[in-house]
Structures are given as C-alpha cells and as structure tokens.
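See below for the structure under consideration.
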Amino acid sequence: MKKLLSILTPILLLGLIFVASQLLMAIAIRSMGLIDADGGITDFGFFLSYTLSMGITLGLLMLIERGMYGKIGKIDRKSAGFDPVAILLGLIVIVATSILLMPLAKVLPERGIEVGDGTFMLITIVLIAPIIEEVIFRGRLYGILRHNSSPLLAATLSALTFGAIHLSPIVVIEGFLAGFVFSYFYIIKRSIIAPILLHMCNNAMAYALIVLSYNDESVMDIFGGQAYFIFVYIAAAIIVVTAASIMITRLVKEKHRIASSTDVEIATQAETQE
C-alpha cells in the first residue's frame, strides 16, 4: 500500500496542480481582455496562458520531487538523442496508431478543440508545448515514478497522465499512446532530446492537418476509398502491434539491465569495503 501511494501521489498532485493552474490562467486571461470577438481566447492569450500555466505546473512538480526525495533529479540532455532514423520510426508508429484509432474517433465525442493559425499559436503548439510537456512528463514525472516502479510501469503511468490532461476522449487515447512512444525513446536513447524532437514533428504534422482542414474530411476521403483504407488500416495494425511488442520487450529488458547494473555496483562497493 505504501508503494502504491508513493506512485499515485505525484500523479494526483500533478493533476490538481494542472487543473488549478489552468483555471487561474483562464481567469487571468479574461481579466486582461485577451478574448476575441467570438468569445474565444486570442492567439497571444493562448500562448501566454499555456506557457505560464505549464511553467507553474513544472515548477511545483519540481518542488514535489524535492519534498519527496530531498533532491531534484538531473534530466539527461545527451546529443545522442538527435537520431533522425529513430525519430522517423517513432513518427511512423504514431501515425499508424492514429490511423488505427480512426474508426473509434467516429463514435467518440468530437475533439472540441479550436486551433487558430496565428504565429503565437504555431510557436506554442510546435515549439513550446513539446519542450515543456516532455520535461514535465518524461524528464520529471517519469523520473519520480521510476523511484518506486519499473521502466515499463513508469513509462505507462507517465503516458497515461500525459493523455489524461488532453480531456477529449479520443485525444486522451491518442495522447496516451503517443506518450508511451515518447517515453520509450526517452528511456532507450537516455536523452530528453529524442522525445522533444519526435513530439515537435508530431505536433507540426497534426497542426498542418488541422489548419488545412483535413480533419473535417471522412476517413474514406483521405485514403481515396474503402479498398485503399482497408489496405492502409491493415498495414497500420501490423506496424502498431509489431512496435508495441518491440517496445514492451525492450522496456522489460531495460529493467533487468538496470537491476544487473545495480547488483554489480553493490558487489563492487562490498569488495571495496573489504
């Protein structure tokens, strides 16, 4: 029970902080008059609201980490995380996952997300969001969860939390699956650079599709008919199942690798003391 609480506590606290910061910024944005003629938030208002609310969330999460463990863990920023091939493969898996979820998206509630095409909106979605979110969910939350859980469980829980903040049902599912891919590359590449770049590419592609209004077309329209869609869907399913098997297997082995390294370190320390 104690271990379960130590795992769930930072997730619940992060959720409360996220909701509170979002509400606080929503009130602040309205008080500053950053609302357009249709009653929606302006382009700059979105940039300001997102950046400040997520900045507050990150800062308080770091305080929670310090309070729980007495220190703030380092985030690995090795340049080895810049791996174009790995990023391309990760993007293919995320796209295949989105294709696999298309039929589900038709029966779930609408996304309900209004995305403008202003400069501040573009900067926020494609540049700022990937950096802040990866630092929060992979760099910080994963590190906290890793104290009391395996790499696989920590990756899954951080991805679930990442998906949950998106609120819309289909986006929650997409966010969880994409978040798991981000977590996988963070762990395997041992660098926050890899998931940040992959996240940027994913957001840029999604933003382009929304702005170009492809999200308003039917699945069949996008793929040029039912026959083509069935072929693409089967290919996507094969990619997702294969990728999931590889990622889960690698993360399980990562646990054993970490355990083996720890055993060697303990044994070395014992020999030194003798």
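Taking the simple approach of a point 7 Å from Cα along Cα-to-Cβ for both Ala208 and Ile27, what is their distance in nm?
Reported label-point gap for Ala208 and Ile27 is 4.1 nm.
Note the full-extension length gain between Leu127 and Met1 as 0.36 nm times their separation in residues minus their Cα-Cα distance, in nm to one decimal.
Net length gain for the segment: 41.4 nm.
Between Ala80 and Phe231, 0.36 nm times their residue separation minus their Cα-Cα distance comes to what?
Between Ala80 and Phe231, full extension yields 50.8 nm more.
Among Phe137, Phe46, which comes first, then next, by fewest other beta-carbon atoms within 10 Å?
If I rank by nearby Cβ atoms, fewest first, I get Phe46, Phe137.
Mind checking which lysines have their C-alpha under 30 Å from Lys74, skipping anything on the same chain fewer than 8 residues away?
List returned: Lys2, Lys3, Lys189, Lys253, Lys255.
Give, rounded to the nearest 20 debye, the magnitude of the charge dipole that region 1-97 has about its Cα centre when Lys and Arg contribute +1 at Cβ and Asp and Glu contribute -1 at Cβ.
Around 660 debye, computed over region 1-97.
Between Ile238 and Asp38, what FRET efficiency comes out of the Förster formula 1/(1 + (r/R0)^6) with R0 = 45 Å and r the beta carbon distance, rounded to 0.05?
0.55
Just so you know, all these numbers are worked out from the coordinates, no wet-lab data involved. Given the structure is predicted, the values throughout are model-derived calculations rather than measurements. Cβ: placed from backbone, ideal geometry, glycine included. Neighbour counts: every protein chain shown.
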